[in-house]
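Only one structure is covered here, and it is reproduced in the block below.
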Amino acid sequence: MSFRRGEGRPLVIGHRGAAALAPENTLEAFEAAIDAGADAIEFDVGTGLLLGHSDGERADEPAHLDDALAFMRERGAGVHIDLKRIGIEDEVAAAVRRHGLEERTLVSSTWAGSIRRLGLIAPGLTRAISYPRDRYNVAGVRWPHLVTAGSAGVARAAMPARVPLLLRAARANALSLHHKLVSPAVVRTARGRGAIVLAWTVNDPAQILRVAAAGVDGVVSDDPARALEVLATLNPP
């Protein structure tokens, strides 16, 4: 599959499976996302290739990346792996290759070095630089003040100038961006450099419609069924 938007709606990507419907980053959440109609499933991979947003935010018996990829191979949906640790790039790329999922996998990270490494060892993967870093400060770096303070309009206006720098630093062919920072100018700038744009994590109907109208290729949502319902209003039968 392609993560690039065609003539219709953007792809709907289940966040951590379907975090609004089942425990996040679990096979149960993946099943819920598939049942809801998600085009692809996003999940977090960290230490030991175990699924979880951080070492302290894992299921009691966390699934391994191989478990997730085996599930995805059978279900046919797109795969979006978000790296939560530096240094696991080779193992992740090898696992994707082992399961034969290179053509329908996107790997994202907030660390440019991780994406550059993937470009060297797995150039066929879609590789997204994510911005900004997570709100829980797991990575030890705080979100930009303009996003957390609610001055999203100012940050959004400045974002097009940052896009080329992010893509160039990571040698990425995709941009995974917090939805408050998405604008038509951001999408045009990324597309002009051959990159696709994903918006995360979008649950509010008005925001789903806003980023879709901006032209994003994919919408990452905790509730894929709800996102699909909202997007269906763009082109009613």
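Nothing in this text is a laboratory measurement; each read-out follows from the coordinates by a stated rule. In this text the structure is predicted, and so the values were computed from the model without any measurement. Counting neighbours? That spans all protein chains shown, and the Cβs are built from the backbone with ideal geometry, glycine included.
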Original post:
In what sequence, highest mean first, do 222-233, 95-106 appear when ranked by Cβ atoms within 10 angstrom?
Top reply: 222-233, 95-106
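Treating only the Cβ atoms of Lys and Arg (+1) and Asp and Glu (-1) as charged, compute the dipole magnitude of the chain about its Cα centre; round to the nearest 20 debye. Please report the intermediate quantities before stating the final value.
On the way: 28 positive and 27 negative charges, 310 e Å.
Charge dipole of the chain: 1480 debye, to the nearest 20.
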Subject >> Cα gyration tensor shape for the chain, rounded if a/c is under 1.5, else prolate or oblate >> reply: rounded
**OP:** Please name which of Leu101, Leu231, His179 has its Cα lying farthest along the dipole of the chain towards the positive end, using unit charges on Cβ (Lys, Arg +1; Asp, Glu -1) and the Cα centre as origin.
**Re:** His179
Original post:
What order, most packed first, do the peptides 73-86, 51-64, 22-35 have when packing is the mean number of other Cβ atoms within 10 Å of each residue?
Top reply: 22-35, 73-86, 51-64
Subject >> Lys, Arg +1 and Asp, Glu -1 on Cβ, resulting dipole of region 1-128 about Cα centre, debye, nearest 20 >> reply: 640
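State the extension gain, in nm to one decimal, for the chain segment bounded by Asp90 and Asp66, taking 0.36 nm per residue of separation less the distance between their alpha-carbons.
Working: separation 24, 0.36 × 24 = 8.64 nm, distance 1.40 nm.
Taking 0.36 nm per residue and subtracting the Cα distance, the gain is 7.2 nm.
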Subject >> Other-chain or far-sequence residues with amide H under 5 Å of Thr126's (modelled H) >> reply: Thr105, Val107
Original post:
Can you list the residues, at least 5 places off or on another chain, whose amide H is less than 5 Å from the amide H of Val12, using H built in the peptide plane?
Top reply: Asp39, Ala40, Val219
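Once every DSSP H run of n ≥ 4 in the chain is given -39500 (n - 2.57) and the sum is divided by its residues, what mean residue ellipticity at 222 nm do you get, rounded to the nearest 500 deg cm²/dmol? Please report the intermediate quantities before stating the final value.
Details: 9 runs with 92 residues, N = 237.
Taking each H run of at least 4 residues, the total per residue is -11500 deg cm²/dmol.
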